[in-house]
Amino acid sequence: MASPEPSRKSAPCRLIVVGGHTRSVGKTQLVCDLISALPQASWLAGKITQYGHGVCATNGHDCDCAPTEHIVALDWESGAHSGTDSARFLQAGAARSFWLRTKQGYLAEGMPPLRQALAEGTRTDASSDGRNVIVESNSLLQFVEPSLYLTVLDTARDDFKDSARSMLDRADVFLFRRGLDDSAISPPPWVQLATQLLRQKPSFLQRQGEPLPEALLQLVKRILESPASVLL
């Protein structure tokens, strides 16, 4: 992707960020559920992936590139059947979808192409009251204060990524995939931390395959009715 023009900036938007404490807890599914439940939002959807050591941002495979080579790649999803998560966003009804990939620790270098993507998406949108953007990521919160940050938690999973742990107190809402009192599992140690935060933040339960909780849907609707104020 060509480097963005320095003077080009994205217009203010409403930005919803969906994160989670580890892989395979249903972050992508939550993004899809919100997109399909609110098609009138004409969503610009995206996913941010940071690859670990030795993995190339260009194609997500092991690569012999130098640490400072191939650090950022952003692609617009061209079809709804490629099998990628960004294709799932299109299947759910997003107007446009992108996938931003960076090497671990280089998300700052990914911000200019992300801003460019939002600027391009805004220019293709006919609405005049601001774009509705939804992004699957934890680390994006290092650079922006979103309109809403949703964190997906699964008490059957022990792992807790450092990027998610560092942002946990910034979550506006917790979405659990299993109940905290689920007797079929032994709660992992991180549940104690989440329970403390639950006293201060709203939380919802949506098991895999269940519809969105109505209260969560109404919360997101209120965000979409508010003025666009997030500027990346």
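The values are calculated or read from the model by the stated rules, or taken from the named source; none is laboratory data. From a predicted model like this one, the values you see are computed outputs, not experimental measurements. Here the Cβ positions follow ideal geometry from the backbone for every residue, glycine too, while neighbour counts run over all protein chains shown.
Listed values, structure above:
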read-out	value
Matching residues, the range 167-220, being among the hydroxyl-bearing types (Ser, Thr, Tyr) and over 20 Å from the mean Cα position of the chain (by Cα)	183, 186, 195
Selection from the range 179-194 of residues that are hydrophobic (A, V, I, L, M, F, W, C) and at pLDDT 80 or above	190, 191
Check on residue 162, over 12 Å from the mean Cα position of the chain (by Cα), surrounded by fewer than 17 Cβ atoms within 10 Å (Cβ to Cβ), modelled with pLDDT of 90 or more and farther than 18 Å from residue 30 by Cα	no
Yes/no for residue 140 being in contact with a strand residue (DSSP E or B) (Cβ under 8 Å, 6 or more places away or on another chain) and in a helix (DSSP H, G or I)	yes
Any hit, the range 128-138, residues being under 20 Å from residue 44 (Cα atoms), of a type in the set (S, T, N, Q), in contact with a Gly (Cβ under 7 Å, 6 or more places away or on another chain) and surrounded by 13 or more Cβ atoms within 10 Å (Cβ to Cβ)	yes
